[in-house]
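See below for the structure under consideration.
The values are calculated or read from the model by the stated rules, or taken from the named source; none is laboratory data. Treat the numbers as computed from the prediction; the structure is a model and nothing was measured. Using ideal geometry, Cβ is built from the backbone for each residue, glycine included, and neighbour counts are taken over all protein chains shown.
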Amino acid sequence: MEGSPEMRERALALLGRLGERLLPIASRLPERPGAVLIATALNLAVARGETPELEALTGKVLAIRVTDADLQFHFRVGGRGFAACGSTQAPAVVIAAAAADFVRLALRRVDADTLFFSRRLTIEGDTELGLLLKNRLDALDLSWPGEALPRPLELFQALGRAVTREPVAPKVVRAPARQ
């Protein structure tokens, strides 16, 4: 974001107020589009910097819960990065916080440890896996060189990694029980 620090702060405050007004609407939307957008952003961040070691997370279902919007986004980590997945499997770990806290984390306005120890960010499930994920995401460089937006090809590649089709289990047709 260009401009003076005061302009940036005003823009962030405006985005925060807009976000607060959109939370009730967001809670009624389906999970998948939001999960795809978040996975795409994570894939862009991973592609821009040094790739964090995600091997321990490979194949695991992770979830981000936005507590004040009653939203939960599910992801699977694979060899190509983060991919949105449905909520058919219980996540190995759930990281939960309010929307504003997630935005502040993404903008590096607050440290995850600060939110965790003030009980504004929680890790449920496999806490060791959650801490590993938190540390890997903290290691990402989320700044954009020259504050430039990603190129279209880069964006489509990240989106392609974020979109995955989960295999649909075949329907089991059971014969009626004989009496």
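Observations on the structure shown:
- Close pairs from region 102-116: first within 18 Å of Ala41 (Cβ to Cβ), partner in a helix (DSSP H, G or I) and among the β-branched types (Val, Ile, Thr), Cβ under 9 Å, at least 6 apart: Arg109/Val103
- Scan of region 69-84 for residues that are within 18 Å of Glu31 (Cα to Cα) and surrounded by 13 or more Cβ atoms within 10 Å (Cβ to Cβ), ordered by number: Ala69, Leu71, Gln72, Phe73, His74, Phe75, Arg76, Val77, Phe82, Ala83, Ala84
- Of all residues in region 119-133, those satisfying the criterion of being more than 11 Å from Leu57 (Cβ to Cβ) and in contact (Cβ under 8 Å) with a residue 24 or more places away in the chain are Leu121, Thr122, Ile123, Glu124, Gly125, Thr127.
- Pick from region 12-62, criterion under 16 Å from Ala98 (Cα atoms) and β-branched (Val, Ile, Thr), ranking: modelled with the lowest pLDDT: Ile25
- Every condition in (1) buried (at least 16 other Cβ atoms within 10 Å of the Cβ); (2) outside any helix (DSSP H, G or I); (3) among the small types (Gly, Ala, Ser) is met by Ser87 except one, and the failing one is (1).
- Residues of region 104-145 that turn out to be farther than 15 Å from Leu54 by Cα and modelled with pLDDT of 85 or more, as a count: 18
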